[in-house]
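Working notes, structure below.
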Amino acid sequence: MLDLKELAKNYDTWVPRLADRGGNLDLGPFKALFEDRKKVYVELEALLAQRNKANEEMKALAKTNPAAMKERSAELKTLGASIKEIETKRDEVDQQLEKLLYDVPNVPHESVPKGADASGNKEVKLWGSKPNFLFKPKQHFDVGEKLGMLDLERAAKVSGSRFWFLKGGLARLERALASFMIDEHVQRGYLEMLPPYLVSRQSMTGTGQLPKFEADAFKTSGEHELFLIPTAEVPVTNYHYDEILEASQLPVKYCAFSPCFRAEAGAAGKDTRGLIRVHQFHKVELVKFVKPEGSLEELETLTADASSILEKLGLHHRVMLLCTGDMGFASQKTYDIEVWLPGQDAFREISSCSNFSDFQARRAKIRWRKEKGDKPQLLHTLNGSGLAIGRTLVAILENYQREDGSVAIPPALHPYMGGATELKPLV
């Protein structure tokens, strides 16, 4: 969430940058509400000053003129009622402003290119090269089904569309990828966490999923409302909800494996077959809590950490700096990592690495202080997929497929596969 006073102060410069994001953002009510708020606060301060003066006079009258003190006491009661009325009005205006701000996205950083959609994104890094095939490469679902290790039909029978069964070597490869990624990130200084998979409304609001994107979430019904996590970012970021971290602790770096659950409410008709866009998938998430002055540099290292997994797996990929119109709601600046999928003859997103500045920290009340005794201030949060495991599996199936239907396993994963070097068809 944006800072109310900062938005008011920078209204004329921030609003055009927010408009660059596109959508139907309307901040018109904000200016009127903020003017109302200023008037209310001025009136309240005047009444409070009047009451303070009256209280001082009451103390003097208690000794010299008891009758006048009684009369002044009645005036104070009337003044107190007026103060209460103004405070109620102040609270109403603040609530309206807060409600408005919950639907306002983060302000893009100056280094983010302007653009209406993905066509405005900029390539900042290209790693590796496309594999050469002597046959026409298949898409991952054809490769997996030919192996006899991917069953989408029975998953639909059990759970509906956008679910999957993995079997045999492919199921083990999914597990191997999770262990490999966690091990790599731990070596890079991240602390491994295993988070809860159900979280409160407060936690979802803290990271920006609510209230705007409730339609994309799965939640429980009944007396105890909980949300299935769309990403480990939610529980791991809220791990430090309403806490103050010391400067000596920063940066704090966590990596977490978890399932992720997404309703994909806005994705009707997109990638309906296979593992690209599903309701349930696994992911290793990277989360950082950092000092504000170094957060942009921390985003660069976070993105490099995520990219390093693809490099070790030998997968051709690129890093894209997202433009204003393609960024996530809470992000100040985002890099997408896109892996090459020869079966689709296209790059597809496999990780999104974002700097949220103090947007999430303000919602979740996560602060830090430079020295003991200093006033706490908001820190910056960052996160990124390190990586989406299902999409990494897709990339391996498409890039390492062979004409006979088998699939080579990248050497980095051999120790995690019990020494196996390939996947062969079960039937």
Could you tell me whether the stretch 357-364 includes any residue that is among the aliphatic types (A, V, I, L, M) and farther than 27 Å from F165 by Cβ? yes
Could you look through the stretch 328-342, keep only residues that are part of a loop (DSSP other than H, G, I, E, B) and open to solvent by 20 Å² or more (accessible area, probe 1.4 Å), and pick out the one that is modelled with the highest pLDDT? Q332
Close pairs from the stretch 298-318: first touching a residue at least 40 places away in the same chain (Cβ under 8 Å), partner among the acidic types (D, E) and open to solvent by 40 Å² or more (accessible area, probe 1.4 Å), Cβ under 6 Å, at least 6 apart: R318/E123
Show the residue pairs that are 6+ apart or on different chains and have beta-carbon atoms under 8 Å apart, the first residue being within the stretch 71-99 and within 30 Å of T205 (Cα to Cα), the second being charged (D, E, K, R) and assigned to a helix (DSSP H, G or I). I86/E43; R90/R37; V93/D36; V93/R37; D94/R37; L97/R37
Hey, any hits in the stretch 235-246 for a residue that's of a type in the set (D, E), at negative phi and surrounded by 22 or more Cβ atoms within 10 Å (Cβ to Cβ)? no
Can you find a residue in the stretch 281-295 that is within 17 Å of I350 (Cα to Cα), outside any strand (DSSP E or B) and not β-branched (V, I, T)? no
Which ranges mark the helices (runs of 4 or more DSSP H) fully within the stretch 120-224 that have 2 or more residues being within 26 Å of the chain's Cα centre (by Cα) and without any contact (Cβ under 8 Å) to a residue 12 or more places away in the chain? 168-187
What residue, of V252, V278, V319, is under 21 Å from A171 (Cα atoms) and not charged (D, E, K, R)? V278
Listed residues L18, L33; which is in a helix (DSSP H, G or I), touching a residue at least 60 places away in the same chain (Cβ under 8 Å), farther than 29 Å from S119 by Cβ and open to solvent by less than 60 Å² (accessible area, probe 1.4 Å)? L33
Six or more apart or on different chains, Cβ under 9 Å: which pairs go from a residue in the stretch 243-254 that's closer than 14 Å to G373 by Cβ to one that's in a loop (DSSP other than H, G, I, E, B) and open to solvent by less than 50 Å² (accessible area, probe 1.4 Å)? Could you list them? I244/I366; I244/P376
Of the conditions (1) free of Cβ contacts under 8 Å to residues at least 24 places away in the same chain; (2) open to solvent by 40 Å² or more (accessible area, probe 1.4 Å); (3) not charged (D, E, K, R), L25 satisfies every one except a single condition; which number is it? (1)
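Answer yes or no: is there a residue in the stretch 283-294 that is closer than 22 Å to E398 by Cβ, hydrophobic (A, V, I, L, M, F, W, C), surrounded by 23 or more Cβ atoms within 10 Å (Cβ to Cβ) and at pLDDT 95 or above.
Yes, the stretch 283-294 contains at least one residue that is closer than 22 Å to E398 by Cβ, hydrophobic (A, V, I, L, M, F, W, C), surrounded by 23 or more Cβ atoms within 10 Å (Cβ to Cβ) and at pLDDT 95 or above.
The values are calculated or read from the model by the stated rules, or taken from the named source; none is laboratory data. All of these numbers come straight from a predicted model, not from anything done at the bench. Cβ: placed from backbone, ideal geometry, glycine included. Neighbour counts: every protein chain shown. Each accessible area value is taken on the protein alone, full model and side chains, heavy atoms only, with ligands, DNA and RNA left out. Shrake-Rupley method; radii C 1.70, N 1.55, O 1.52, S 1.80 Å.
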